[in-house]
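Written out below as structure tokens is the structure these notes cover.
The values are calculated or read from the model by the stated rules, or taken from the named source; none is laboratory data. Just so we're clear, the structure is a prediction, and the values are computed from it rather than from any experiment. Cβ atoms come from the backbone with ideal geometry, glycine included; neighbour counts cover every protein chain shown. When the accessible area is computed, the model is the full protein with side chains, heavy atoms only, and any ligands, DNA or RNA have been set aside. Shrake-Rupley method; radii C 1.70, N 1.55, O 1.52, S 1.80 Å.
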Amino acid sequence: MAQHLKASFRPAGLAIALADPDSGQLRILHHDGADPEELRPLLEAALRDGVTPVTNRLGVAIASKRGIGGAIALAGGVTPFTTEDLGLLQAFASITALALESTHLVEAFDDSKRSWEDTVDAVSMALCIVDRNGRIQRANRAFAALIGAPITGIAGRPWLELIPPGWAGGVMTALETAGVGPEIELRTSERCFAVTGYPISASERGSLVLLFEDQTERRRLQDQLIQSEKMSAIGQLIAGVAHDLNNPLTSVVGFADFLAETEDTPAKLREPLRVIQQEAERAANIVRNLLSFARKQEHRRGSTAVRPLLNATLGLLHNQLMTNHVEARLEVEPDLPELDIDANQIQQVFVNLINNAAQAIASAGRPGAILIRARKWIDGVAVDVIDDGPGISPELAAKVFEPFFTTKPEGQGTGLGLSISQGIVKEHGGRIALTSAENAGATFTVELPRRSRPAPAPLPEAVQAAPHPLRVLVVDDEPHILHYMRATLEAWGHSVDVAADGHIGLERAAQGDFDLIISDLRMPRLGGREFYEELQRRAPPLARRMVFSTGDTIRGDTLSFLEQQGRPCLHKPFSLAELRTLLGNVSRQGQVGTPVRASE
């Protein structure tokens, strides 16, 4: 510009200056001829007034639409400047303003381009922009790494040439359903990706963004959770099978031992009895192995912080929640204690509860929200899963924890999720509670103590025989077990009374003196735990003479009850030696005191 000014005006001196955008002060960028400071007043006057009067000096302002300011000043020679010179100088100033504006726009574009590149390259997920002709306009470095191509060789090429051949159908579906379709799964030999299409503009379905997310680790965790739920379901099934098998095995093992010890058993029956004993013990070992298999995760507990566990769970469910248009929010009180839990099992519980909440919201056909709130509870932590879905009626709420009960359509739910979750939480010494009403959402609260309770009290060391006869009450709903127990105990010289359930057991207990009460846990009408609790209320000293028997020690509620009470337990099928040990220890303790009446 200075060269053009000198060629056109041949001035004695010239100066070109730009104003600082913040302070407004002029900074002289070029000068020639005269002292630049002598021209500064002229530059400032031109910047202030736009033009200066036409004399032997001339000044005009440089102004652009973006507010770029500056001025040009000329010092003439002997001949004064004319109005034509002013018009020409203003034209030069306008050209200068346009050049500055263009420079600014180019710099802004370069900055924007660098900013976009830096931003998308910082995203870990691979993304690219595809135009309506199927060519890639832009891509980030993660996409270049995904397809194994240099970043500089992607723009302008058809996407079909760049992606693995097996992905073509999935990517095409993502493009065709951009903005409305679900994510599409893509797989390689070792990894799993999800691709989703998004329109850049809602009004113009031209260019689209393709987002590729590596879900290998997430899918692996999901598969582990599904497998864990299957294993939990198997564990619950095993618990029922164990109970149903251990009851008849108790009679078989007991009678076989009883007959083997009887002196008048014919010699020709000794060998068959021995086979019965061996095969019954073999069956009992099979049941014990099944129970050990179902309990194999019980020893994986450790100190666990609640916030990271819930954050990991929400990360795992992010896509499902987004697909169902559900917003999840986490609130965690400060200074929550760490819990002694199996983190995998408890995470399975939260995954199930949050999934159920999201599906409930989706069934209402609208977006919704889930609040996961962790707070202090007694000496542990309570976690509320609160949704704004359609809620649960009182009739259904009473059944949601029952195995195989589900409100989902056939093929979409097993009805095991909540019952398994309740069992897991109870095994940890806690519980799950439901608060809900129709059209008012639902709240599931998981209450977990800080530490697990101690194991049930073991039976004392073996004693060979009872020193004196005992008065024994046996409560069990299995007639064969009652028969076996009466026959065995009476053969040993003890006095035996039997009851088929807890109600009859209470009547028997109120009528006689008992040194020992052996009660099954799972019975119709009044079960063992209810019988024990009522006995504690009526006659606490007598309740302290109670021993439980059960063929089910894997169920969370059974373990929790035994741990709470700390009472001895005979595990079915028990042998005559175990029964004799129990009687011997009770008889030894009975020598110190007297039999306890139910009325005391």
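Need the full-extension length gain, Arg270 to Glu338, defined as separation in residues times 0.36 nm minus the C-alpha distance. One decimal, nm.
Extending this stretch completely gives an extra 18.6 nm.
Any chance you could give the angle, 0 to 90 degrees and rounded to 10, that helix 270-294 forms with the longest Cα principal axis of the chain?
Computed tilt is about 20 degrees.
Whole-Hz ³J(HN,Hα) for each residue in region 259-265, computed from phi via Karplus 6.51 cos²θ - 1.76 cosθ + 1.60 with θ = phi - 60°, x for glycine and proline: what do you get?
Working through the residues one at a time gives 5, 5, 8, 6, 5, 8, 5 Hz.
Among the aspartates and glutamates, select those whose C-alpha is under 17 Å from the C-alpha of Lys268, and discard any that sit fewer than 8 residues away in the same chain.
Asp257
Grab the Cα-Cα distance for Arg375 and Ile200, subtract it from 0.36 nm times how many residues apart they are, and report the gain in nm with one decimal.
58.8 nm
Residue by residue, what Karplus-based ³J(HN,Hα) values in Hz, rounded to whole numbers, does region 473-490 have, using 6.51, -1.76 and 1.60 with θ = phi - 60° and x for Gly and Pro?
10, 10, 10, 7, 8, 9, x, 5, 5, 4, 4, 5, 5, 5, 4, 5, 5, 5
State the antiparallel share, in %, of DSSP beta bridges confined to the chain, rounding to the nearest 5.
Restricted to the chain, the bridges split so that about 75 percent are antiparallel.
Taking 30 Å as R0, compute the FRET efficiency from the Cβ-Cβ separation of Arg219 and Leu434 and round it to 0.05.
The computed FRET efficiency comes out at 0.45.
Under a plain spin-label model, where a point goes 7 Å from the Cα along Cα-to-Cβ, how far apart in nm are Glu117 and Glu530?
Computed distance between label sites Glu117 and Glu530 equals 7.6 nm.
Report, to the nearest 10°, how far helix 417-427 tilts away from the longest principal axis of the Cα atoms in the chain, using its own Cα long axis and a range of 0 to 90°.
70 degrees
If R₀ is 51 angstrom, what is the calculated FRET efficiency for the pair Asn56 and Gln137, using the beta carbon separation as r and rounding to 0.05?
So the FRET efficiency works out to roughly 0.35.
If one takes the longest principal axis of the Cα atoms in the chain, at what angle in degrees, from 0 to 90 and to the nearest 10, does the Cα axis of helix 576-590 lie?
Taking Cα atoms only, the helix is inclined about 80 degrees.
Starting from region 480-571, pick out the trypsin sites (Lys or Arg not before Pro) whose DSSP state is loop and whose Cβ has at most 12 other Cβ atoms within 10 Å.
Sites meeting the loop and neighbour criteria: Arg525, Arg544.
In the chain, carbon and sulfur make up what percent of the accessible area (probe 1.4 Å)?
53 percent
DSSP loop (so not H, G, I, E, B), at most 16 other Cβ within 10 Å: list which trypsin sites (Lys or Arg not before Pro) in region 155-216 pass both filters.
For trypsin sites (Lys or Arg not before Pro) across region 155-216 that sit outside H, G, I, E and B with at most 16 neighbouring Cβ atoms in 10 Å, the list reads Arg191, Arg205.
As an exercise, identify the trypsin sites (Lys or Arg not before Pro) in region 76-142 lying in DSSP coil whose Cβ has no more than 13 other Cβ atoms within 10 Å.
Arg132
Accessible area per residue of the chain at 1.4 Å probe, in Å²?
Accessible area per residue, the chain: 51 Å².
Once the piece of chain linking Asp49 and Met172 is laid out straight, how much longer is it, given 0.36 nm per residue of separation minus the C-alpha distance between them?
38.1 nm
Which option, (i) 29.4; (ii) 37.2; (iii) 45.4, is the value of mean projected area of the Cα convex hull in nm² that was calculated from these coordinates?
(iii)
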